[in-house]
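Have a look at the structure below, then the notes.
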Amino acid sequence: MTRVWAERGSRPPAPRDQRYAWAYLFGAICPARGTGAALVLPFANAEMMNLHLLEISINVTPGAHAVLVIDGAGWHQTGDKLRVPDNITLLHLPPYSPELNPVENVWAYLRGNKLSNRVFDTYDAILDAGCDAWNWFIAQPQQITSIGARPWATVNQ
């Protein structure tokens, strides 16, 4: 459920489904370049996080270095199980501070514009929706910069 207009005291209608199937959108953005990298994966664990780190590494500009802000999610805190590429540094957030992670605003934006209040017929439809939502978002570099830029994260060159 996301924000919708409804008369005060009423219950807004929304589609619902009693079935459960999960897909995880692992994503990272570069607000300075207005780009990002993501994978829609079946699990959220260290193995999937390693795939995501590799995807980010491939998308980092040659000769550049990425700082990846991560929270306390279990698959972020797997110690020696993560294989961090040489062109990425992990920046761990303090506990209970999701507001410091710019990508959290990306998830809110995607939920509000593409992924909420829908029922999917198949698991493939869930995967397609995740991919379509990310591709729609990544085609808007100005939106990536607007959502992800933080004064404290800007590097002056």
Legend entry - Positions within the stretch 30-58 being surrounded by 15 or more Cβ atoms within 10 Å (Cβ to Cβ), of a type outside the set (Asp, Glu) and under 16 Å from CYS131 (Cβ atoms), in sequence order: GLY36, ALA37, ALA38, LEU39, VAL40, LEU41, MET48, HIS52
Legend entry - Hey, PRO94 modelled with pLDDT of 95 or more and outside any helix (DSSP H, G or I) or not: no
Inset, instruction - Could you tell me whether any residue of the stretch 30-40 is of a type in the set (A, V, I, L, M) and farther than 20 Å from ARG150 by Cβ? - result: yes
Inset, instruction - Examine the stretch 11-22 for a residue that is at pLDDT 85 or above, closer than 17 Å to LYS114 by Cα and surrounded by fewer than 18 Cβ atoms within 10 Å (Cβ to Cβ), and state whether such a residue exists. - result: yes
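Taking the stated definitions as given, is ARG3 within 21 Å of TRP136 (Cβ to Cβ), modelled with pLDDT under 95, loosely packed, with under 15 Cβ neighbours inside 10 Å and not aromatic (Phe, Trp, Tyr)?
Numbers: within 21 Å of TRP136 (Cβ to Cβ): yes; modelled with pLDDT under 95: yes; loosely packed, with under 15 Cβ neighbours inside 10 Å: yes; not aromatic (Phe, Trp, Tyr): yes.
Considered against the rule, which asks whether it is within 21 Å of TRP136 (Cβ to Cβ), modelled with pLDDT under 95, loosely packed, with under 15 Cβ neighbours inside 10 Å and not aromatic (Phe, Trp, Tyr), ARG3 comes out as yes.
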Legend entry - Check on ILE58, assigned to a helix (DSSP H, G or I) and touching a residue at least 24 places away in the same chain (Cβ under 8 Å): no
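The values are calculated or read from the model by the stated rules, or taken from the named source; none is laboratory data. Values in this document were obtained by computation on a predicted structure and should not be read as measured data. Backbone-built Cβ (ideal geometry, glycine too); neighbour counts: all protein chains shown.
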